[in-house]
Amino acid sequence: MVVENIIARMVRNTSSRYFAFEDGRPQPPCAPAEPIHLYIHIPFCAELCPYCSFHRVLYREEKAREYFRALRREIEMYRDRGFSFSGVYVGGGTPTILLDELLDLLARIQHDFSPADISVETNPDRLDARTLNLLADAGVKRVSVGIQTFSDPLLKSIGRYDKYGSSEMLKERLAKAKGFVQTLNADMIYNFPTQSRTMLEQDLEVLKEASPDQITFYPLMISDATRKKMTDLMGRMSYRKERHFYSLITSHLAEDYRSSSAWCFSKKDTSMVDEYVVVSQEYVGAGSGAFGLVGGGIYANTFSLPSYCERIFRGEFPLSARRLFSVRELSRYALLMGLFGLSLDTAPFRKRFGSPPWWLLGPELLFFLLAGGIRLDQGRIRLTPRGRYYWVVMMREFFTGVDNFRDLSREAAGITAR
Ligand code: SF4
C-alpha cells in the first residue's frame with residue numbers, strides 16, 4: 001500500500017489547493033465556441049443517508065417547485081449568454097423526486113439545445129415503468145439508479161432498507177427496469193466498514209442475475225465531517241480491504257462487462273454514455289452547489305437554496321466562488337480525468353495545451369511509469385490493471401476533496417442538518 005498512500009497524500013494536497021477559491025463574487029464565464037456539457041443539480045431527497053456527502057436537503061414540495069423555477073431561469077440565462085449544450089447530466093439528491101417539474105425542465109432543454117445525451121440519476125423507488133417511459137420520451141438515454149448494496153443488514157444500517165426496499169425488492173425492480181432507456185446503470189458502493197467479503201460476493205451474484213447495462217462500483221467516500229458519524233455507526237474504514245474488494249469486483253465483472261472507466265463497467269455489446277467528467281473537457285453547473293469548469297476556471301454556485309433562488313429571480317448568476325487554473329493545473333486535471341477513462345490520446349492533449357504531456361507532467365508520468373500504473377502505446381497513455389486501482393485511489397481522494405469543500409460551503413450557508 002506504499003504507492004497508494006503516496007498517491008492519496010499527493011491528490012489530497014493538490015485538491016485542497018484546487019478548492020482554495022478566490023475572494024469576491026465571480027463574474028459568469030464567457031461562452032465557448034463549441035457546445036459543452038451541462039450538469040444540473042437537484043438537491044432534494046426523501047431521506048438523508050448517513051454516509052452521503054453530496055449537497056442534499058430534505059424534500060419539501062413547495063421549496064422544490066420554487067427551485068425548479070429558478071433552475072429553468074438559470075439555464076435560460078446561460079442560453080442568453082451564448083452557451084449551448086451537447087450533453088446533460090442531472091444528478092442529486094434525487095432528480096426524479098418531482099417528476100412533472102423534471103420533465104418540464106427536460107422539454108425546455110430539448111427545445112433550446114437538442115442535446116445528444118441526457119443522463120438522469122434516480123433512486124430504486126422511482127424505477128417503475130411509467131416513470132421510465134416518461135423519461136425515455138423526454139430523451140433520457142441513461143438512467144443511473146442508486147442501489148448501493150443488496151445486503152439487507154447493510155441496507156438497514158445505512159437507513160435505506162425501509163425507504164428503498166429489501167435486497168429482493170431491489171433486485172426485482174432493477175431487473176424489470178431494463179430496456180426502457182439505452183443504458184440502465186446500477187450505482188453500487190463497496191468497502192462499508194461492516195461489509196464482509198461474502199456480502200460483496202452476494203452483491204456481485206445478484207448483479208449477474210439482474211444484468212443491468214452498466215455498473216458503477218464506487219469505493220465508500222466520506223468527507224472529513226462525515227467520518228466521525230460513519231465511524232460511530234459502522235466502525236473504521238480499511239483501505240486494504242478496499243484494494244482487495246476492488247480486485248474481486250474487477251475479476252467477477254470481467255466475464256460480462258468491459259471497463260469503461262476505473263470504476264464503471266459496461267456490457268460488452270452496448271454503446272454507453274459515460275460519466276460527464278470523463279467525456280467533457282468543459283461543463284456548466286446549474287443548481288445550488290453545482291460546479292462548472294469553463295474557460296480554464298472552476299466555478300461553484302451558492303449552496304444556500306434561498307440565496308440561490310433569490311439571486312436568480314433578481315436576474316443574477318448564483319455563482320459564489322471561482323478559481324482560475326494555471327496551464328499546469330489544468331493539464332494535471334486533464335490527465336486525472338483522461339486516465340480515469342482508461343487512456344489518454346496525447347495528440348489532442350498537445351493541441352489543447354501547446355506541449356506534450358511529458359513536457360508538462362514529466363515527474364507525475366515518470367512516477368506512474370516506474371510504479372507500473374501506466375504504459376505507452378502508439379500515441380496513447382494507457383492505464384495498466386494495477387494503474388486502474390491507483391486511479392480509484394486518486395478519484396476517491398479527489399472527490400473527498402470536493403466533499404470537504406461542499407461541507408465547508410454548506411456550513412457557511414447555514415446548512416448543518418445531516
Ligand atoms: S445517497 Fe442518494 S438518496 Fe441518500 S442522501 Fe445521498 S443523494 Fe440522497
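Observations, loosely collected:
- Pairs of Lys residues in the chain, spaced 8 or more positions apart or belonging to different chains, with C-alpha separations under 14 angstrom: 6 in total.
- Environment charge at D345 (Cβ cut-off 14 Å; Lys +1, Arg +1, Asp -1, Glu -1): +4
- Converting phi to 3J(HN,Hα) with the Karplus coefficients 6.51, -1.76 and 1.60 and the offset θ = phi - 60°, the stretch 392-398 yields 4, 4, 5, 5, 4, 6, 4 Hz in sequence order, with x at every glycine or proline.
- The packing ranking of peptides 337-347, 370-380, highest mean first, is 337-347, 370-380, where packing means the average number of other beta carbon atoms within 10 angstrom of each residue.
- Expected 222 nm ellipticity per residue - DSSP helices of 4 or more, -39500 (n - 2.57), all of the chain, to 500: -15000 deg cm²/dmol
- Reported to the nearest whole Å, the Cα centre-to-centre distance from the stretch 334-376 to the stretch 115-173 is 36.
- Within the chain, antiparallel bridges make up roughly 40 percent of the DSSP beta bridges whose residues both belong there.
- On the basis of the beta-carbon distance and an R0 of 22 Å, E255 and L369 show a calculated FRET efficiency of 0.15.
- Across the options M230, A177, H55, the greatest Cα extent toward the positive end of the charge dipole of the stretch 24-278 (unit charges at beta carbon of Lys, Arg, Asp, Glu) belongs to M230.
- Sorted fewest first by neighbouring Cβ atoms within 10 angstrom, H41, H244, H252, H111 come out as H111, H244, H252, H41.
- Farthest toward the positive end of the dipole of the chain, out of A321, A70, L369, is the Cα of L369, where the dipole comes from beta carbon charges about the Cα centre.
- Formal net charge of residues neighbouring R328 (Cβ-Cβ distance under 15 Å; K, R +1; D, E -1): +3
- Basic side chains Lys and Arg get +1 at the Cβ, acidic Asp and Glu get -1 at the Cβ, and with that the dipole of the chain about its Cα centre reaches some 1000 debye.
- Debye, to nearest 20: dipole size of the stretch 188-269, +1 on Lys, Arg Cβ, -1 on Asp, Glu Cβ: 460
- Model label sites at L99 and D80, defined 7 Å from Cα along the beta-carbon direction, differ in position by 3.3 nm.
- Compared with the alpha-carbon gap, the fully stretched path from N5 to K208 is longer by 69.8 nm at 0.36 nm per residue.
- With the charge dipole of the stretch 24-278 set up from +1 on Lys and Arg Cβ and -1 on Asp and Glu Cβ about the Cα centre, the Cα lying farthest toward the positive end among the listed residues Y239, G93, C30 is that of Y239.
- Chain lengthening between E201 and E62 when straightened (0.36 nm per residue, less Cα-Cα): 45.8 nm
- Residues whose amide H comes within less than 5 Å of that of F303, counting only those at least five positions distant or on another chain, are G289 (H built at 1.01 Å from N in the peptide plane).
- With 0.36 nm allotted per residue and the present C-alpha distance subtracted, the A136-R328 stretch has 65.0 nm of extension available.
Readers should treat all values here as calculations from the given coordinates under stated rules, not as data from a laboratory. Quantities reported herein were computed from a predicted structural model and do not represent experimental measurements. Cβ: placed from backbone, ideal geometry, glycine included. Neighbour counts: every protein chain shown.
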